[in-house]
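Only one structure is covered here, and it is reproduced in the block below.
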Amino acid sequence: MLRTFTEHRVREVVGLDGMWDFTTAEDRRDQAVLPKRYARSCGVPQAWEQLPGLEGYRGQGWYRRRVAGDSARALRLVFGGVSHTADVYVDGTKVAHHYDAFTPFAVTVAPTKRREREVVVAVDNQFGDHSALHIGNDYYTYGGLTRPVEAHYVAPIYIERVHAVPEQARGGRWDLAVTVRLHNWSASSGTRRVVARVAGSEVELARVRVAAGATVSKSLHLSGLAVKAWSAAAPQLYDLDIAVYEGDDQVDDLRDRVGFRAVAVRGKKLLLNGKPLLLRGYNRHEDHPQFGCAIPVEAMRHDLYLLRDLGSNFVRTCHYPNDRRFLDLCDEMGFFVWEESHARAINFKHPRFREQIMDSTVEMLDWHRSHPSIIIWGCLNECDSVSRAGAKEHARVLKYIKKTDPSRPVTFASNKGSNDVCLGLVDIVAWNRYTGWYGGDVAGVEPGLKHILKWLHSPQSQGGAGKPVILSEFGGGAIRGLRDARAVHWTEEYQCQVLDEELRVYLGHPDVIGTAIWQFCDVRVTPENRWWVSRPRTMNNKGTVDEYRRPKMVYDVVKRRHAEDRKKRGGRL
Ligand code: ADA
């Protein structure tokens, strides 16, 4: 399933998780577009690196499975994520192309008289001129149908997307702005009745006309709802049910969940439901030694149990949109999320950069906007925020986000310090700082922060003055089990010294409203780059736990520092 809950009760949905026919380019002996034979099978969702012999496979793979045909309803295939490029074929005809592992996509195919249909997905996880975002990097690009897949059977006019944005109203009540997007796959126009129901209230649009082949977005407004607010301490969720009727017959439905909360920046503060909020947490990659990026829900939940045990209320989805089931868990368990579109120190001059970064950003907002746990939108981690050309690209992405969803603050994580020229574009300033790891020593953490804050709140920062600050990355590496009283780099002792001092300084400064340790667990990096292979084990070893989620010494340092900070704040999560 694509979510942790059932989205449809009226619409027929068939989960396509399970074994698919599978073959790689090496297996094939033909040059046809689609394989004539499939040498093996592979699970979905799954990274193909889990198949013995494919642990490091970077290439093409083809997946096939059959689904039921239907003569009256269209087949809508919904992919949670394919790593990293997909070409989708139904009954031998190419019906969709999608680039980027980290955003969902869907395609709707007209009904058929056939009893069965053949679905083939050609997948490619190679780097090259076609890929600006998936490159040799400090995280691994896996291959395969790495997130769940579903087959939906949809009526001519069906619900394509629903967005729900809560707004605080008077007297502790809440309003909910709902946008319903309908698509008509048929050759004739139609008129439908649309009803939105939440928390015992309902509102309807009596006549929504959708022309043949058209897509129509309509807004519904529910006001004065007597509901409980959503927060990390009390993550209250409500079912939002959308129903579409043709006459008296309900022809489609969609259930999502809403959390009533409002996020705002006021001066140097971040506010949740009007009260100052402090974010304490981690950067987390979707990576696991057994599952690659195709992490099962149970393992996602275990990560969040550990993050909560560490005293965290905050997760940054470095450096890409996450699996919707992880976001559902954050909604359910009460974690604040900074989600960002897919970029880590990428080259703005790449011919496909602009198209691909906008696609990632557009799709992230379109699919994830209703998650209450997402309170900050991010983008362009450690990209060119120092040149005029780079500033133009930052403006393009950040202005799109702000215009599309004004309900959340925006930011980007910078490692450019006082050379930044883009801080006028963000609501929150975010710095990646590795004092004591890549340079300097631990004693420099506090003076370094004071120095950069002085610059920030001066005219030299070109628009950063007076804004709240998140330390979006900091920390150091340790090989779990490497103990040495000399406390040199890569020992657990030194990692403790670095994080203990950084948390003492960053948690204690009134301008710092958020801290995200780099990083939750050790992760695999790509060997296709001389810099990353210099990392011990060809992994990024800055985790508080190792890749198997086994704690390092620093686990208790973080837990203590977070607990002290929470006690200082009267126990607020
Ligand atoms: C950067 C980058 C991270 C990671 C980190 C590190 O800040 O944003 O993805 O590579 O450095 O471990 O050096």
Evaluate the distance, in nm, between pseudo-label points positioned 7 Å from the Cα of residue 113 and of residue 203 along their respective Cα→Cβ axes. 4.6 nm
Result for segment 476-533: accessible area per residue, probe 1.4 angstrom, in square angstrom, of 39 Å²
Dipole of the chain [Lys/Arg +1, Asp/Glu -1 at C-beta], most positive-end residue of 320, 34, 415: 415
Using only Cα atoms, locate the centre of segment 333-367 and the centre of segment 192-241, then give the distance between them in Å, rounded to an integer. 27 Å
Please list 460-467, 479-486, 312-319 highest first by mean number of surrounding beta-carbon atoms within 10 Å per residue. 312-319, 460-467, 479-486
Give me the compactness ratio for segment 67-146, meaning the Cα radius of gyration over 2.2 N^0.38 Å. 1.25
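Once you list every other residue whose beta carbon is under 9 Å from the beta carbon of residue 100, what net charge do they have if Lys and Arg are +1 and Asp and Glu are -1?
-2
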Restricting attention to the alpha-carbon atoms of the chain, what are Rg (one decimal) and Dmax (integer), both in Å? 24.1, 77
Can you put 489, 342 in order of accessible area, largest first, using a 1.4 Å probe? 489, 342
Cα gyration tensor shape for segment 250-326, rounded if a/c is under 1.5, else prolate or oblate: oblate
Residue-normalised value, i.e. accessible area per residue, for segment 120-265 at 1.4 Å probe, in Å², stands at 37 Å²
Of the chymotrypsin sites (Phe, Trp or Tyr not before Pro) in segment 398-494, which ones lie in a loop per DSSP and count no more than 13 other C-beta atoms within 10 Å? 438
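Quickly estimate the mean residue ellipticity at 222 nm for the chain, helices only: each DSSP H run with n ≥ 4 gives -39500 (n - 2.57), and the total goes over all residues, rounded to 500.
Working: 7 runs with 100 residues, N = 573.
One gets -5500 deg cm²/dmol as the mean residue ellipticity at 222 nm.
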In order over segment 297-308: 3J(HN,Hα) from phi, Karplus 6.51/-1.76/1.60, θ = phi - 60°, whole Hz, x for each Gly or Pro, gives 4, 4, 6, 4, 5, 4, 4, 6, 4, 5, 4, 5
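Restricting everything to alpha-carbon atoms, can you work out Rg to Rh for segment 268-568 with a Kirkwood hydrodynamic radius?
Values: Rg = 18.2 Å, Rh = 19.5 Å.
Computed over Cα atoms, the ratio is 0.94.
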Karplus (6.51, -1.76, 1.60) ³J(HN,Hα), θ = phi - 60°, over segment 364-378, in Hz, Gly and Pro reported as x: 4, 5, 5, 8, 10, 5, 8, 6, x, 5, 6, 10, 9, 9, x
Heavy-atom accessible area of the chain with neighbours in place, 1.4 angstrom probe: carbon+sulfur share in percent works out to 50 percent
List the residues, sorted by chain then number, that are 5 or more residues from residue 240 or on another chain and whose placed amide H is less than 5 Å from its amide H. 256, 257, 258
Please compare each pair in 399/454; 268/450; 228/275; 450/559 to a cut-off of 20 Å on the Cα-Cα distance and tell me which ones are over it. 399/454; 450/559
Rounding to the nearest 10 and keeping the result within 0 to 90°, find how far the Cα-based axis of helix 492-508 lies from the longest principal axis of the chain. 90 degrees
Provide the per-residue ³J(HN,Hα) series for segment 54-61, in order, calculated from phi with Karplus coefficients 6.51, -1.76, 1.60 and θ = phi - 60°, each as a whole number of Hz, with x at glycine and proline positions. 10, 4, x, 5, 10, x, 10, x
Rounded to the nearest 10, the angle in degrees between the Cα long axis of helix 324-333 and the longest principal axis of the Cα atoms of the chain comes to 60 degrees
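The values are calculated or read from the model by the stated rules, or taken from the named source; none is laboratory data. Just so you know, these numbers come straight off a predicted model, no measurement behind them. Virtual Cβ from ideal backbone geometry, glycine too; neighbours counted across all protein chains shown. When the accessible area is computed, the model is the full protein with side chains, heavy atoms only, and any ligands, DNA or RNA have been set aside. Shrake-Rupley method; radii C 1.70, N 1.55, O 1.52, S 1.80 Å.
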